[in-house]
Amino acid sequence: ALLKLPTRGIYQQASRCASTWSQLSSALERNAPLDVHPEVQEALATNQPVVALETTLVTHGFPYPENLELSKSLEQIVRSTGSIPATIGMIGGRVKIGMGENHLQQLAEKKTHPVKISRRDIAPAIAMKADGGTTCSATLIFAALAGIKVFATGGLGGVHRGGENSMDVSADLMELTRCPVGLVSSGVKSILDIGRTLEYLETLGVPVVTYGTSSEFPAFFSRHSGFNAPWNVKDPMSAASILHTQWQLGMENGALIAVPIPAEFEEAGMSIQEAVDQAVAESEQNGINKRGKEATPWLLSRINELTRGKSLLSNIALLENTALVGGNIAVQYHKLVY
Ligand code: PSU
Ligand code: MN
């Protein structure tokens, strides 16, 4: 009753996609605490390209008011490509797929103490009527539920350094096996163990594809990690065709498309690396690295302190770049499907 099924296109391509649409409709019919923004609903119903954006970067990644400006600029950049942005987060225990500016403002100000929401936190946060920022894992879940095929962000979570002992492995990695969504990021941050992160993605069977001139897997602030990805594409259409082929075959997993930080921010990237190493060392000394969900936000804000805000500018630059690439891939993907 709440959503009309499109008569052609993405939801008819494969039974998996058709079931995605009815999954969203039936979730809404069951009164699931889920609000799809009218613009996003319209875009999905009329088969326009949509790009999901996450909100942990708003609630736990950036200070106010930079976080608000950034999330608006990411939406704007997605629009400039011809795609519709769907910023995903939680307000008062309701999942928002596409957020109005007032809700974005509320998360950005952090006065309501928004929590960090990964898969395991979704139901508890809803029951507690919390405000929250969705991590990559939770954002993937709601993007998949809505049939959104592309999600742009900065850094995917991964295996933390020392993760072979602490078992601190981000839920983001496992989620990529469950959600048929192409995740566009600047790789994983060098606060993580990049080698083990790539090994784990191989074990999980998640395609890893670099986007651009090199097959070297990017390390967020830096274009270089010393590790090669198994695949490289040079344009949005090639990336889109990987996604399309995978889902034509009925494979239900996602894919990681890694876009290096723009070269003009690279130099900054190199000196940020020293701050990264120092922050990781400090987190080991003071035990932050043993505190679960606090580890990533603590490391990010410490790096920002150590670089006196320089890391923030690089972080914005790489996010704006992934939003652009994500928007372009979504547009090409839709050309392949229709
Ligand atoms: N990497 C960043 N900035 C971030 C995150 C990762 O450079 O804000 C966020 C993302 O939302 C990611 C989450 O999904 O941190 C991973 O956290 P954890 O390591 O606790 O799984
Ligand atoms: Mn963790």
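Laid out as a table, the results:
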{"read-out": "Length released on extending from M167 to Y64, taking residue separation times 0.36 nm less the Cα-Cα span", "value": "33.9 nm"}
{"read-out": "Principal semi-axes in Å for the chain [√(5λ), Cα gyration tensor, largest first]", "value": "29, 23, 18"}
{"read-out": "Fewest-first ranking of K111, K72, using other Cβ atoms within 10 Å as the exposure measure", "value": "K111, K72"}
{"read-out": "Residue order, fewest to most surrounding Cβ atoms within 10 angstrom, among R291, R223, R161", "value": "R291, R161, R223"}
{"read-out": "Approximate spin-label separation E266-S238, in nm, with each point projected 7 Å along Cα-to-Cβ", "value": "1.8"}
{"read-out": "About the Cα centre, charge dipole magnitude for the chain (Lys/Arg +1, Asp/Glu -1 at Cβ), debye", "value": "880"}
{"read-out": "Approximate spin-label separation R30-Q278, in nm, with each point projected 7 Å along Cα-to-Cβ", "value": "5.0"}
{"read-out": "Given K189/K310; K129/K310; K111/K293; K116/K149, the pairs whose alpha carbons are separated by over 27 Å", "value": "K129/K310"}
{"read-out": "Translational D in µm²/s for segment 58-182 (Stokes-Einstein at 25 °C, 0.890 mPa s, Kirkwood Rh from C-alpha pairs)", "value": "163"}
{"read-out": "C-alpha long axis of helix 66-80 to longest principal axis of the chain, angle in °", "value": "50"}
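Where a number appears in this text, it was derived from the coordinates with a stated rule and is not lab data. Note that the coordinates shown come from a computational prediction; the quantities given were computed from them, not determined experimentally. Don't worry about glycine lacking a Cβ; one is built from the backbone with ideal geometry, like all the others, and counts go over all protein chains shown.
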